[in-house]
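What follows is a short report on a single structure.
The values are calculated or read from the model by the stated rules, or taken from the named source; none is laboratory data. Everything numeric in this text was worked out from a predicted model, so none of it was measured. Cβ atoms come from the backbone with ideal geometry, glycine included; neighbour counts cover every protein chain shown. Areas reflect the complete protein model, heavy atoms only, side chains present, ligands, DNA and RNA absent. Shrake-Rupley method; radii C 1.70, N 1.55, O 1.52, S 1.80 Å.
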Amino acid sequence: MSSSRVLVLNSGSSSVKYQLLDMSDSSRLAMGLVERIGEETSRLKHTPLTGGGAERERTGPIADHEAALKAVADELAADGLGLDSPELAAIGHRVVHGGKHFTEPTVIDDAVLAEIERLIPVAPLHNPANLTGIRTAQALRPDLPQVAVFDTAFHTTMPEAAARYAIDVSTADEHRVRRYGFHGTSHAYVSRATAKLLGKAPEDVNVIVLHLGNGASASAVRGGRCVDTSMGLTPLEGLVMGTRSGDLDPAVIFHLARVGGLSIDEIDTLLNKKSGLVGLCGDNDMREIRRRIDEGDSSALLAFDIYIHRLKKYIGAYYAVLGRVDAIAFTAGVGENAAPVREAAVAGLEELGLAVDGGLNAVRSDEPRLISPEYARVKVAVVPTDEELEIATQTYALAGKNS
Ligand code: ADP
């Protein structure tokens, strides 16, 4: 029997997102989410995408990741897509931090697990959850190849000039402090899809990718290789995000500790969870912020303006880094849906060859599309990201063919 199915797992500290894909035609067979693992009110939402079955939801305690994955396996089995099927070729895992070491998707063995574990100090929130997901999946199907696809891998091509902070080199090296970047799977997928939209090979185009979700990052991609990105040691650096501050003077932290009396953990929570759009105006959903602006709310407008100001600064910076830009691509929840953000981010940049066509920008679609006018020297694109498909593609390319 041919094995062409790939299960993609994205394991967070209290959640697991999953998709089952058939790589013979890149179709999606099922997808879902387990939330609030370890609580009384855990919830599993499962959506079959073949056979016309309806979405199913169940609530009630799911104790740990092992129980979560077993529950997922039961749901898939109920659709005739059981994980014990010989058609399952491999499992692909999103792993947030691969450090400098992992430049490519990697078949997981004990040495790979040990390296992901060694990186926990630089990714204390993410890598432990990713490891738990991998170990649980291995226990379920020990015979199957499991592949780690790293959020950082696409950014490992950054030159040292972009990857290093200007701090004492030996201290930085001792503690592995450097700019790693995240959302790499999305930046890789979207930069390639943008080249395709332009009818060119990735090697022939320079693209600025703006991944604007709840987390947000920009990248400068020259000829298919990342040369700079806005997130750094952690996902806190760079753009204004839903709940993260993005760039700030590091001395703000000393000030808050010395003068404000906040602990390091309090500052960490403040900057990662209570800042960005939510800190500025109380909302992190761009739809709600736009609605409030339409009603004349000044704090929502200021939050929007700060968000756009930062975005524009990164467009300008990456324009300078690349020298020549062929396209700017907007992606993720905000980038794909919020026309006012796209319009405002590019407004006033005509001298740089950038413009947005109001009519094209207003069109809603799930397809990659151009929203710049015909005459624009630099194309502006909206390219829906698909991290799961990219993880499945990379997993299948590495581990699927021979199984
Ligand atoms: P995550 O980083 O959690 O993967 P997403 O890429 O799904 O985030 O983006 C989620 C964000 O996208 C929401 O917080 C919201 O701000 C924004 N968003 C989603 N749909 C729309 C929409 N129709 N209009 C404007 N913003 C939207």
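Which aspartates and glutamates have a Cα lying under 12 Å from the Cα of residue 100, excluding residues fewer than 8 positions away in the same chain?
Correct list for residue 100: 115, 151, 160, 173.
Suppose every Lys and Arg Cβ carries +1 and every Asp and Glu Cβ carries -1, with no other charges. What dipole size does the chain come out with about its Cα centre, to the nearest 20 debye?
Rounded to the nearest 20 debye, it is 560 debye.
Calculate one ³J(HN,Hα) per residue across segment 118-125 by plugging θ = phi - 60° into the Karplus curve 6.51 cos²θ - 1.76 cosθ + 1.60, and present them in order as whole Hz with x for glycine and proline.
So the J values, rounded to whole Hz, are 4, 8, 3, x, 8, 9, x, 7.
Taking θ = phi - 60°, what integer Hz values does the Karplus form 6.51 cos²θ - 1.76 cosθ + 1.60 yield along segment 9-26, in sequence order, with x for Gly and Pro?
10, 10, 9, x, 5, 10, 8, 9, 9, 9, 9, 10, 10, 9, 7, 5, 9, 6
How big is the chain along each principal axis, measuring the range of its Cα positions in Å and listing the largest first?
58, 54, 46
Just read off the accessible area of residue 396 with the full protein assembly in place, 1.4 Å probe, to the nearest 10 Å².
Result for residue 396: roughly 40 Å² accessible.
Quick one: order 126, 309, 187 from most to least accessible surface, probe 1.4 Å.
Result of the area sort, largest leading: 309, 126, 187.
Would you mind classifying segment 1-46 by shape? Square roots of the alpha carbon gyration tensor eigenvalues, ordered a ≥ b ≥ c; an a/c under 1.5 is rounded, otherwise it is prolate if a/b is larger than b/c and oblate if not.
Because a/c hits 1.5 or more and a/b exceeds b/c, segment 1-46 counts as prolate.
For the chain, what does the accessible surface come to per residue with a 1.4 Å probe? Please give it in Å².
45 Å²
Report, in whole Å, the centroid distance computed from the Cα atoms of segment 349-401 and segment 1-73.
28 Å
Suppose R0 equals 35 Å. What FRET efficiency, 1/(1 + (r/R0)^6) with r the Cβ-Cβ distance, do residue 324 and residue 55 give to the nearest 0.05?
About 0.15, to the nearest 0.05.
Considering only segment 29-185, what is the antiparallel percent among its DSSP beta bridges, to the nearest 5?
Antiparallel bridges make up about 70 percent of those DSSP assigns within segment 29-185.
Compare 293, 134 by solvent-accessible area with a 1.4 Å probe and give them largest first, with all protein chains kept in place.
Putting 293, 134 in descending order of accessible area: 293, 134.
Counting each DSSP H run of 4 or more residues in the chain as -39500 (n - 2.57), what helix-only mean residue ellipticity at 222 nm follows after dividing by all residues, to the nearest 500 deg cm²/dmol?
For the chain, the value works out to -10500 deg cm²/dmol.
With the cut-off at 1.5 for a/c, could you classify segment 300-369 from its C-alpha gyration tensor as rounded, prolate or oblate?
Oblate.
Could you pull out every residue, at least 5 positions away or on a different chain, whose amide H is within less than 5 Å of the one on residue 4? Hs are placed 1.01 Å off N in the peptide plane, and Pro or chain starts have none.
89
Which shape class, rounded, prolate or oblate, goes with segment 156-242 when its Cα gyration tensor gives a ≥ b ≥ c as root eigenvalues, a/c under 1.5 marks rounded, and past that a/b bigger than b/c marks prolate?
It is oblate, given that a/c is not under 1.5 and a/b is not larger than b/c.
Summing Lys, Arg as +1 and Asp, Glu as -1, what charge do residues with Cβ under 12 Å from the Cβ of residue 288 carry, residue 288 excluded?
Result for the neighbourhood of residue 288: -1.
Ranked highest first by the average count of other Cβ atoms within 10 Å around their residues, in what order do 46-58, 253-265 fall?
46-58, 253-265
Taking amide hydrogens as modeled 1.01 Å from N in the peptide plane, which residues meet the under 5 Å criterion relative to residue 53, leaving out close sequence neighbours?
The list, which skips near neighbours in sequence, is empty: none.
Near residue 151, within a Cβ-to-Cβ distance under 10 Å, what is the net charge of the other residues, with Lys and Arg +1 and Asp and Glu -1?
0
Order 247, 25 by their accessible area, 1.4 angstrom probe, all chains in place, largest first.
25, 247
Around residue 313, under 14 Å between beta carbons, what's the net of Lys plus Arg minus Asp minus Glu among the other residues?
-2
Antiparallel as a % of all DSSP beta bridges within the chain, to the nearest 5?
65 percent
In the full protein assembly as shown, how much of residue 144 is accessible to a 1.4 Å probe, in Å² to the nearest 10?
Counting only protein heavy atoms, the figure is 20 Å².
Let me see the pair-distance distribution of segment 11-96: every alpha carbon pair, 5 Å bin width, integer percents in order.
Going from the shortest bin to the longest, the percentages are 3, 14, 26, 25, 19, 10, 3, 0.
Say each of residue 14 and residue 117 gets a label point 7 Å from the Cα, pointing the same way as Cα to Cβ; how far apart are those two points in nm?
2.6 nm
Just flag the chymotrypsin sites (Phe, Trp or Tyr not before Pro) in segment 161-209 sitting in loop per DSSP whose Cβ has no more than 12 other Cβ atoms within 10 Å.
none
Roll a 1.4 Å probe over the protein heavy atoms and report the accessible area of residue 295 in Å², nearest 10.
About 130 Å², rounded to the nearest 10.
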